[in-house]
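Participant: Sharing a structure here in structure tokens format.
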Amino acid sequence: MAERIITVGSTHGLHARPAKLFVEAVGKSGASVKLTKEGGKTVDAGSILGVISLGIDHGDKIVLTTDASNGEAVLDDLAEIIATDHDA
């Protein structure tokens, strides 16, 4: 299992626009990815409603996990999206 802990870079958190970019990237990867807000619940990272429901803010830490065979590369790409400030 591959895992990454990432700090959210978007100034306004993981709201609709960055969440959409993230969920689209999960879908394109073909991998099953789980997202957990540090100290919170876990959701399917491919679900826009699940991701937004976590109320992830700027500076929050999230954990991404996957069992995909190419999991390290998938999580590298997803981590870049999460760490980028899409509100700049």
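The values are calculated or read from the model by the stated rules, or taken from the named source; none is laboratory data. Quick caveat, the model's predicted, so the values are computed rather than measured. Note: ideal-geometry Cβ built from the backbone for every residue, glycine included; neighbour counts use all protein chains shown. Ligands, DNA and RNA are excluded from the accessible area calculation, which covers all protein heavy atoms including side chains. Shrake-Rupley method; radii C 1.70, N 1.55, O 1.52, S 1.80 Å.
Participant: Considering only residues that are open to solvent by 70 Å² or more (accessible area, probe 1.4 Å), part of a helix (DSSP H, G or I) and modelled with pLDDT of 95 or more, which ones fall in the stretch 9-20?
Facilitator: Lys20
Participant: Which of the residues that make up the stretch 35-68 are within 21 Å of Asp87 (Cα to Cα) and basic (Lys, Arg)?
Facilitator: Lys37, Lys61
Participant: State which residue pairs qualify: first residue free of Cβ contacts under 8 Å to residues at least 60 places away in the same chain and of a type in the set (Val, Ile, Thr) and inside the stretch 2-24, second residue assigned to a helix (DSSP H, G or I) and open to solvent by 50 Å² or more (accessible area, probe 1.4 Å) in any location, beta carbons under 6 Å apart, and separation of 6 or more residues or different chains.
Facilitator: Within 6 Å, the pairs are Val23/Ile48.
Participant: Scanning for something assigned to a loop (DSSP other than H, G, I, E, B), open to solvent by 80 Å² or more (accessible area, probe 1.4 Å) and touching a residue at least 60 places away in the same chain (Cβ under 8 Å), does the stretch 68-76 turn up at least one residue?
Facilitator: No - not one qualifying residue is present in the stretch 68-76.
Participant: While we're looking at this one, here's another question. Name the single residue, out of those in the stretch 21-37 being open to solvent by 40 Å² or more (accessible area, probe 1.4 Å) and touching a strand residue (DSSP E or B) at 6+ places or on another chain (Cβ under 7 Å), that is nearest to Thr65 (Cα to Cα).
Facilitator: Lys34
Participant: Please go through the stretch 26-73 and pick out each residue that is under 10 Å from the mean Cα position of the chain (by Cα) and more than 16 Å from Ile6 (Cα to Cα).
Facilitator: Hits for the stretch 26-73 are Asp44, Gly46.
Participant: A follow-up question, please. State the number of residues belonging to the stretch 38-64 that are surrounded by 19 or more Cβ atoms within 10 Å (Cβ to Cβ) and touching a Gly at 6+ places or on another chain (Cβ under 8 Å).
Facilitator: Residues meeting the conditions: 3.
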